[in-house]
Amino acid sequence: MTDKEILDLYKAGQPELAFKEIVNSYSERLYWHVRRFLCSHEDTDDLLQDIFVKIWASLSSFRGESQLYTWLYRIATNESLNFLQKQKIRAALRFESMSSKIEDRIDEDTLMDGDQLQRDLMKAIQRLPSKQRTVFIMRWFDNLSYEDISEILGTSVGALKASYHFASEKIKAELEKNLK
Amino acid sequence: MEFGNDIIEKIGKPSMGVPDGYFDGLKSRLGSISSAKVSSPGVWAGMRPYLALAASFAAIVLIGNAILRDTAKSQPADPFYGEETYADIISITNPEILYNTTEFDLEELSDEDIINYLIESGVRTEHFAYAGDQY
């Protein structure tokens, strides 16, 4: 079902059906989107539940000014970044390093089939500043266009391209350093 | 190992897995959110923090008022008769008395000292008349 058909269902007074169609069309895509930020299946599973509760609660406020899927990605991205921010604060209060915690998570993830180089790549992505990491995940993993990312993040296409370029350079430098 | 500029593309996207049948379960679990009727907060829920704030403010005012009233009652009606008021009586004609004696001697005070003190402390004329009757 297309986004337009889902919205037509909602406008026709069938919000529950529209929501079920959103779940069918987007739950898997949003799962992977969130998983790449959180690097943990359990955390992603918990957060995805909260994200869809939020989507259902705010579906009535969706005015159709943006595309449905950019609106959904915006909610998922903001929730993921908020989740990471809270984890970072909790880690800081326990005098722990959030980045080393995430790196441990990547190493111990039994659901990750990748080799060591792919794990190193994931770690390099997690070490990026928040904005660059977000752009890199959306562009490289999710294959979203710069225009769509611009609509989701509210940033200009030029700034996104620059962020992606810096992110790629940092990742390349880090991976090459590991290979030497 | 040499990858050149395409190192990221050559490494490829890391493949992550999920438990078997996870997405089927996920869809039915997420789909049931709408039947749980997650409602937006109502008028009462929206007003609750403001009402709590107003109630706390009213409680602080009432308690403060009660404490102040109680404190005011425990003080003597007229400060002239209070025990501490003598400490304020410093002789005008001989103020050094305060520093030269360990015990405050009321005999050293002149009538003028007392009258000046009474005038400055706002004692009413009826009290003068009462004192006059006594002595």
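Quick note: the coordinates plus some simple rules give every number you see, no bench work behind them. If you're wondering where the values come from, they're calculated on a predicted model, not measured in any experiment. Note that each Cβ is placed from the backbone with ideal geometry, even for glycine, and that neighbours are counted across all protein chains shown.
Key figures for this structure:
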| read-out | value |
| --- | --- |
| Loop GluC sites (Glu not before Pro), segment A:92-164 (other Cβ atoms within 10 Å of the site Cβ: 15 or fewer; DSSP) | A:Glu96 |
| Likely footprinting exposure, A:Ser97, A:Ser61, A:Ser163, fewest C-beta neighbours within 10 Å first | A:Ser61, A:Ser97, A:Ser163 |
| Under 5 Å, built H, 5+ apart or other chain: amide partners of B:Met16 | A:Asp113 |
| Estimated dipole of segment A:1-110 in Debye, rounded to 20 [Cβ of Lys and Arg +1, of Asp and Glu -1, Cα centre] | 460 debye |
| Positive-end residue, chain A charge dipole about Cα centroid, Cβ charges, pick of A:Ala173, A:Met112, A:Leu72 | A:Ala173 |
| CD proxy at 222 nm, helix term only [per DSSP H run n ≥ 4: -39500 (n - 2.57); per residue of chain A; nearest 500] | -25000 deg cm²/dmol |
| Using θ = phi - 60° and Karplus 6.51 cos²θ - 1.76 cosθ + 1.60, couplings along segment B:24-36 (whole Hz; Gly, Pro as x) | 5, x, 4, 5, 6, 5, 5, x, 7, 4, 5, 6, 6 |
| Expected-Rg normalisation [2.2 N^0.38 Å, Cα atoms] applied to chain A | 1.11 |
| For segment A:164-180 and segment A:85-107, distance of Cα centres in Å | 22 Å |
| Restraint check, A:Lys54/A:Lys86; A:Lys20/A:Lys101; A:Lys86/A:Lys123; A:Lys54/B:Lys10, Cα-Cα greater than 27 Å | A:Lys20/A:Lys101; A:Lys54/B:Lys10 |
| In segment A:4-75, the trypsin sites (Lys or Arg not before Pro) that fall in loop regions by DSSP, at most 16 other Cβ within 10 Å | A:Arg63 |
| Test item: Cα-centred dipole of segment A:63-138, Lys/Arg +1 and Asp/Glu -1 on Cβ, debye | 520 debye |
